[in-house]
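Student: Mind having a look at this structure? Questions to follow.
Derivation of every value follows stated rules applied to the coordinates shown; laboratory data play no part. On a predicted model such as this, the values are computed, not experimentally measured, just so you know. Heads up, the Cβs are rebuilt from the backbone with ideal geometry, glycines too, and the neighbour counts pull from every protein chain shown.
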Amino acid sequence: MTSKNNNSVIFTTQLASDVNALLQGVSSEQLFILTDTQTQQHCLPLLQSEGMLQHAKIYTMPAGDHYKTIETVVDIWKFLGENGGTRHSVLINLGGGVVTDLGGFIANTFKRGIRFINVPTTLLSMVDAAVGGKTGINFNGLKNEVGVINPAETVVICSDFLRSLDTHNLLSGYAEMLKHGLLSSRQEMKRLSSFDATKPDYALLASLIETSVQIKANIVEQDPTEKGIRKALNLGHTIGHAFESYSHATNRPILHGYAVAWGLIGELFLSHKVQGFPQDVLLQTVRFIKDNYGVFDITCNDYPALYEYMAHDKKNAIAGQVNFTLLKDVGNIVPNCIVEKELIFQALDFYRDSVGL
């Protein structure tokens with residue numbers, strides 16, 4: 001799969017040999033791998049099983065979204081500089097969304113930009129973070145507040161990594177696939193809604209991943225810098241990011257994909273109210289999310305804080321106006337919908353009713 005910008009996505013079962021093939025002409029002295037403590041243990045041996053990758057210089061950061069900070073970036077810039085990094089260096093980001101987001105930002109800024117390859121190791125990073133060119137870090141209490149949009153030279157997807165992924169992290173990535181299905185077709189939503197994440201069929205999952213990545217890649221190719229249709233990929237994220245930020249602020253951290261799933265409940269409700277999104281699809285999707293994702297406990301007293309996070313979302317063009325991507329139907333996308341505070345609170349009511357709070 002190759003875009004107009006010649007950025008490619010490779011699906012492989014021969015990870016080390018395929019990544020080595022991408023590095024022809026690169027000296028081992030200029031090869032760096034970024035991992036975290038999880039991927040260093042579970043994934044790095046597979047990547048380094050042959051070829052020049054065995055001689056790469058490795059930086060291992062602590063695992064977790066709370067390390068996606070400017071302090072971590074500065075530390076890795078120093079590591080690159082102190083270990084001979086130049087404009088001819090290549091950085092391989094081996095990990096989940098934190099590693100690919102942060103590593104992409106580092107590669108785009110070190111020496112004004114070096115080559116980088118993403119090797120996502122979680123379902124979430126395969127279908128979302130590693131593809132599309134968004135890179136960045138959290139700053140000032142806000143998700144992905146600082147960053148650039150510039151894609152990896154290549155994304156190498158090896159679904160073998162998913163066999164060691166626990167159900168919670170599998171479902172976290174699957175929420176982004178549900179979003180892509182809603183942006184695509186009822187046929188794709190039917191396929192996605194019948195998948196059993198507790199007893200995964202990995203061959204089927206690999207097929208669903210490839211379709212999901214293609215849906216996102218098609219949207220990104222039409223609008224690389226998010227001026228128009230790419231805003232569709234924000235579906236579920238305005239409310240979802242508010243849930244996620246609030247969960248960290250209240251010391252109840254939740255996985256990104258779970259926040260997106262719960263955000264989809266609220267934003268499909270807004271789609272129904274504002275754009276006439278079909279009620280039957282709304283209820284079917286809500287049922288799937290309720291059955292698989294459980295609940296993030298909020299009360300009416302939490303609404304003002306959640307609204308403040310939405311009001312400060314970087315997608316808003318005008319301060320104080322909350323901007324949503326909504327749907328008229330599956331695959332019928334309406335970006336740039338300004339929704340009033342009262343209706344957003346109704347969406348939070350609907351979320352609480354839907355999950356049984």
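Student: Find the Cα radius of gyration of the range 167-355, compare it with 2.2 N^0.38 Å by division, and give the number to two decimals.
Tutor: Relative to the rule-of-thumb radius for its length, the range 167-355 sits at 0.97.
Student: Still on this structure, I have one more. In Å, the Kirkwood hydrodynamic radius of the range 27-104 over pairs of distinct alpha carbons?
Tutor: When all Cα pairs of the range 27-104 are included, the Kirkwood radius is 12.6 Å.
Student: Each residue of the range 200-205 in turn: what ³J(HN,Hα) in whole Hz from Karplus with 6.51, -1.76, 1.60 and θ = phi - 60°, glycine and Pro shown as x?
Tutor: x, 8, 5, 5, 5, 4
Student: In addition: Return the lysines within reach of residue 57: Cα separation strictly under 16 angstrom, same-chain partners fewer than 8 residues apart disregarded; answer none if there are no such residues.
Tutor: 78
Student: Also: Whole number please: convex hull volume per residue, Cα atoms of the range 295-357, in Å³.
Tutor: Working: hull volume 6.5 nm³, N = 63.
Per residue, the Cα convex hull of the range 295-357 comes to 104 Å³.
Student: Measure nothing fancy, just the Cα-based angle from helix 279-293's long axis to the longest principal axis of the chain, in degrees from 0 to 90, nearest 10.
Tutor: In the chain, helix 279-293 runs at an angle near 50 degrees to the longest axis.
Student: Run the simple label-point estimate for residue 316 and residue 211 please: 7 Å along Cα→C-beta, distance reported in nm.
Tutor: Going from the residue 316 label point to the residue 211 one covers 3.7 nm.
Student: Between residue 144 and residues 5 or more places away or on another chain, which pairs have amide H atoms under 5 Å apart, with H built 1.01 Å from N, and which residues are they?
Tutor: Result for residue 144 returns 138, 139.
Student: Now for a separate question. Among the aspartates and glutamates, select those whose C-alpha is under 13 Å from the C-alpha of residue 68, and discard any that sit fewer than 8 residues away in the same chain.
Tutor: 36, 101, 145
Student: Going down the table (290/328; 143/179; 199/315), which pairs top 27 Å between alpha carbons?
Tutor: 199/315
Student: For a quick size check, give me the Cα extents of the range 283-329 along its three principal axes, largest first, whole Å.
Tutor: 36, 31, 15
Student: Which order do the peptides 258-268, 8-18 take when ranked by the mean count of other beta-carbon atoms within 10 Å per residue, highest first?
Tutor: 258-268, 8-18
Student: May I pose another question? How tilted is helix 167-182 with respect to the longest principal axis of the chain? Cα atoms for both, answer in degrees (0 to 90, nearest 10).
Tutor: The helix 167-182 is inclined about 70 degrees to the chain.
Student: Any chance you could check the Cα centroid distance between the range 334-357 and the range 156-214 for me, in angstrom?
Tutor: So the two Cα centres are separated by 26 Å.
Student: Identify all aspartates and glutamates with a Cα-Cα distance to residue 216 below 15 Å; exclude those on the same chain that are fewer than 8 residues away in sequence.
Tutor: 128, 176, 188, 226
Student: Most exposed first by the Cβ proxy, i.e. fewest other Cβ within 10 Å, how do 271, 185, 247 rank?
Tutor: So the ranking, lowest neighbour count to highest, is 185, 247, 271.
Student: Go through 235-243, 120-128, 281-289 and give me the packing order, highest mean Cβ count within 10 Å leading.
Tutor: Those peptides, ordered most packed to least, come out 120-128, 235-243, 281-289.
Student: Shifting gears a bit: Tilt of helix 256-275 relative to the longest C-alpha principal axis of the chain, in degrees (0 to 90, nearest 10)?
Tutor: Helix 256-275 and the main axis of the chain meet at about 40 degrees.
Student: So, counting K/R as plus one and D/E as minus one, what does the shell of residues with Cβ under 14 Å around residue 16 add up to?
Tutor: Neighbour charge sum, excluding residue 16 itself: -3.
Student: Additional query: Using square roots of five times the C-alpha gyration tensor eigenvalues, list the equivalent-ellipsoid semi-axes of the range 8-164 in whole Å, biggest first.
Tutor: Working: eigenvalues 90, 67, 40 Å².
Values for the range 8-164, descending: 21, 18, 14 Å.
Student: Oh, and also: For a quick size check, give me the Cα extents of the chain along its three principal axes, largest first, whole Å.
Tutor: Rounded to whole Å, the extents work out to 58, 41, 37 Å.
Student: Round to a whole angstrom and tell me the spacing of the C-alpha centers of the range 101-134 and the range 234-284.
Tutor: 25 Å
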